[in-house]
Amino acid sequence: MASSFNRCIFVGNLTADPIINEVGENQVAKWSIAVNDTYRKEAPPLYIECECWRPSKVLDYMTKGVSILVEGRLAVDQWEKDGVRKMKNKLVVQTNGIQLLGTPKGGGSRESSLEEDFAGRF
């Protein structure tokens, strides 16, 4: 029997600032990115919901509009609402699977701070 492999890499722009929740003694950060279709320019973006357990300091620099690379595994959330079973795909991002690629449109002072602190690598 062949082994399985579940790994995804996406590059896109943050649609909003991450939200951090406390779950027991751990933290989980949630955000989404918009990924544009490079083959069909008129196609709407693909929105990928992401979550990262025990996130790193990179979250301090993740703001709406920032270009980001995320790496992780696909997972499925399942729940039932009003007797209807629902499912949603999400990307569970590795703690070291986040790389900032740029700043939001319009720049901002975070770019110089980011370069001084981490040079864009986490």
In terms of the ratio Rg/(2.2 N^0.38 Å) built on C-alpha atoms, what value belongs to the range 29-98? 1.29
Work out the FRET efficiency for L69 and D17 from their Cβ-Cβ distance, taking R0 = 22 Å, and round it to the nearest 0.05. 0.80
First measure r as the distance between the Cβ atoms of R7 and L46, then evaluate 1/(1 + (r/R0)^6) with R0 = 22 Å and state the FRET efficiency to the nearest 0.05. 0.80
Can you bin every Cα-Cα distance in the range 1-56 into 5 Å intervals starting at zero and give me the percent of pairs per bin, rounded to whole numbers? 4, 15, 19, 19, 14, 13, 10, 5, 1
Quickly rank 3-9, 59-65 as a protection proxy: mean count of other C-beta atoms within 10 Å, highest first. 59-65, 3-9
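Read the figures in this text as sums done on the coordinates, not as results from a lab. Only a predicted model underlies this, so the values are computations on that prediction, with no experimental measurement involved. For neighbour counting, all protein chains shown are included, and Cβ atoms are generated from backbone atoms with ideal geometry for every residue, glycine included.
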